[in-house]
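Report on the following structure.
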Amino acid sequence: MAETCEIPVGGMTCAACSARVQRTLEKTPGVERAAVNLMTGTARVDYDPRAVSPERLVETIRGTGYGAELPRPEASIESLMEAQDAERAGETADLRLKFWVTIAIAVLAAGMGMPLMENQSGPSAELGRWFLLALTLPVVFWSGRHFYTRAWAAFRHHSADMNTLIAVGTGAAFVFSVFMTVGAEWVRARGLVPHVYFEVVMWVVALILLGNLLEARAKGRTSDAIRRLIGLRPDTARVVRGGAELEVPLADVRVGDELLVRPGERIPTDGVVLDGTSTVDESMLTGEPLPVAKSAGSEVTGATINRNGALRIRASRVGADTVLSRIIRLVREAQGSKAPIQRLADRISAVFVPVVISIAIATFVIWFDLGPAPRHLHALVAAVTVLIIACPCAMGLATPTAVMVSTGRGAELGVLIRGGEALQRTGDVDLVVLDKTGTITEGGPAVTRIELDDEGLRLAASLEQLSEHPLAEAIVAAARKRGLALEDPERFAAEPGRGVVGRVAGHDVVLGNRSLAEEHAKAARSIEETAAELTPLDVHAAAMAEDGATPVYVAVDGRLAGVVAIADPIRPTSRDAVARLRGMGLAVVMLTGDDRRTADAVARQVGIDRVVAEVLPDRKLAEVERLRAKGNVVAMVGDGLNDAPALAGADVGIAIGTGTDVAMETSAVTLMRGDLGGVADAVALSRRTLRVMKQNLFWAFIYNVIGIPIAAGVLYPAFGVQLTPAFAAAAMAVSSVSVVTNSLRLRS
């Protein structure tokens, strides 16, 4: 049975780097599948443990010239992030030191070495060449050493990457210049002037280091969302042990511990309220701005903020099992995935470097044969410029940066998107199918309208306390919400299928359908009096039924006292969410197993004009498939449990809920709050991300399409324009940073 491990990989700087590591892993015996992510710096490998070990995989990666460490399955996400941050900080500091040293050397060379070279012959020029050689040695063998060692490792594996382009370009200039310095007499003896290009090597290495430094800093910002999520967790918790109140590190909290949370404090971990009432700000996890009331029995989530009351809770989940940890894990996994659009960049990157080297060789030959004097100078400059300007850094960063920033932003909005493929597919959706119960509606019965005085409601709710019917719970909840004092019934009897009858506080009380209430009223009063009381109640009941609610008649001491409407209430945000989806050009369909009249009533209230009603759960999938067969890209939105087949069968399954159920583990998109507005947020974010990906790829490609011919010298015959390697290095750095910066726009 295959096992999976995630190996941190260091030193990758472009798509060609990650592609090379991935190809090498895929060729390793025992490896079933490998996915290397440039942005997260990780390799996720499915392997057969009988054929290969993680240690062997690490050695394989190191053999390609990149750093790798054994995975630590016991490590928490926080420690992994800290280790990654520390590694990135070390890498950034190293790049920063090398850049400043190199730029100082380059300035020194320009200030002292170049004046000596003004006259290409004579003692001063001789001294100048040796002086520049001495300055260039630390640049090549220290500042830019990693370019050459990685290029050599790539060569040994019969491949090439960005380091190959840099190493070949600067290496050619360096070796040529060394030859001109050491063999100056030999060159002059043949009537040639010994030109050197040490300054080209210095400035190219300096500018590429600057580009790498800016990239490293920009890439670090793409993980800000994860860091903010981790930062939500408090460091300590107040625990009651042995009757004493102790403040302990969060890591010491165990399931079953009693925790005290004061107003204004963050709740340490997931739990259940034992005592106290308060409101809790859950916006950090769900995006829902309104605080949620909590009392005994309520579930609370770690990292949310207790607002205005003290709570005593019992810890139900700790450590990696908490909702926050699961969210962080899912977002990290999503950030490590690839969008289908990236396959285009991967395919191009795989053949890009060999093609560029071929172009550089052709450029050198053409300039050397046909160019102006000095031909060798122009030929070398043109070939090196082609190699430098073609570094495919921007191409490699184009889609991973967008996926990272977008999934992190989604988590902040309470929208969990499982990876790049789900992200891209969500952006293509043109039809949204909404389940009714629990999606458009709250998912449970509640009193939606009362045509009854408070005393009648109090008596009715008191009687219903002994009933187990779901509608009874709604009436009891409505009475308690009004602050009515309920009493224990003196007598109670259920009339199956009709309602309940009994006696409360000395009054005979009847609740149920029209016939039950009418029957008891006629037994106590005249037919005319009953009819007179029924008429206005029937009007209310008809209106309630028209709205999709169930009317419940109430009779007290034989008098028809009123009627109560019970329905699955529509979520307050559903209507606006549907309007927003339609405004985005999406078709909206409601799919429900409820009867046609109820379904039409709900659809009318939220603004949906396409309804598929009376569909059994096992037929929902067939309905989704029917819509897909018409050519639609379908998103199915449901509660993730009884809608699971339809969610799985849709192009994009969107589970709506609290994020604490299995839906979060299985759906392509999970909405952490019970608000359909999250569907519009997910689609809008995905569309923006797709747009940014396409922009990034366009600029990455167009940069090379335009830059390479100019570097090769196509403008020289007409305009006398020839780019320098230093300019090419600066342009390459700018293109990479612009791609990352464009992706960072998704954070807002």
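The values are calculated or read from the model by the stated rules, or taken from the named source; none is laboratory data. From a predicted model like this one, the values you see are computed outputs, not experimental measurements. We place every Cβ from the backbone using ideal geometry, glycine too, and count neighbours over all the protein chains shown. Quick note on the areas: whole protein, heavy atoms, side chains included, nothing else; ligands and nucleic acids left out. Shrake-Rupley method; radii C 1.70, N 1.55, O 1.52, S 1.80 Å.
Report the gain in length on full extension from A622 to V365: 0.36 nm times residue separation, minus Cα-Cα distance, nm rounded to one decimal.
Roughly 86.1 nm would be gained on extension.
How much length, in nm to one decimal, is gained on full extension between E546 and A524, taken as 0.36 nm per residue of separation minus their Cα-Cα distance?
4.9 nm
Compare D85, D270, D557 by solvent-accessible area with a 1.4 Å probe and give them largest first, with all protein chains kept in place.
Per-residue accessible area, sorted high to low, gives D557, D85, D270.
Probe radius 1.4 Å, ligands and nucleic acids ignored: give me the carbon and sulfur share of the accessible area of the chain as a rounded percent.
On the chain, the fraction of accessible area on carbon and sulfur atoms equals 58 percent.
Using amide H atoms built 1.01 Å from N in the peptide plane, name the residues 5+ places from Y197, or on other chains, whose amide H lies under 5 Å from its own.
Residues meeting the amide H criterion: S177.
Roll a 1.4 Å probe over the protein heavy atoms and report the accessible area of R326 in Å², nearest 10.
30 Å²
Using a 1.4 angstrom probe on the protein heavy atoms only, could you order S295, S325 from most to least accessible area?
Most to least solvent-accessible, the answer reads S295, S325.
If I stretch the segment between R597 and N308 completely, what's the gain in nm (0.36 nm per residue apart, minus their alpha carbon distance), one decimal?
Net length gain for the segment: 99.7 nm.
Just the number please: accessible area per residue for segment 551-602, 1.4 Å probe, all protein chains included, in Å².
37 Å²
Between segment 666-727 and segment 505-546, how many Å separate their Cα centres?
Centre-to-centre distance over Cα atoms comes out at 69 Å.
Could you pull out which residues in segment 291-321 have an amide N less than 14 Å from a spot 7 Å beyond the Cα of L250, following the Cα-Cβ vector?
Only 301-306, 317-321 fall inside the zone, counting backbone N under 14 Å.
In what sequence, largest accessible area first, do I450, I328 appear using a 1.4 Å probe?
I get I450, I328, largest accessible area first.
Quick one: net charge of Y148's neighbours, Cβ under 14 Å, K/R +1, D/E -1?
Residues close to Y148 contribute a combined charge of +3.
Could you derive backbone 3J(HN,Hα) for segment 680-696 from the dihedral phi with the Karplus parameters 6.51, -1.76 and 1.60 (θ = phi - 60°), listing whole Hz in sequence and x where the residue is Gly or Pro?
Coupling constants for segment 680-696: 5, 4, 5, 5, 5, 5, 5, 4, 4, 5, 4, 4, 5, 4, 5, 4, 4 Hz.
From zero up to wherever the largest Cα-Cα distance of the chain sits, split into 10 Å bins and tell me the percent of pairs in each.
3, 12, 17, 18, 16, 12, 8, 6, 4, 2, 1, 1, 0, 0
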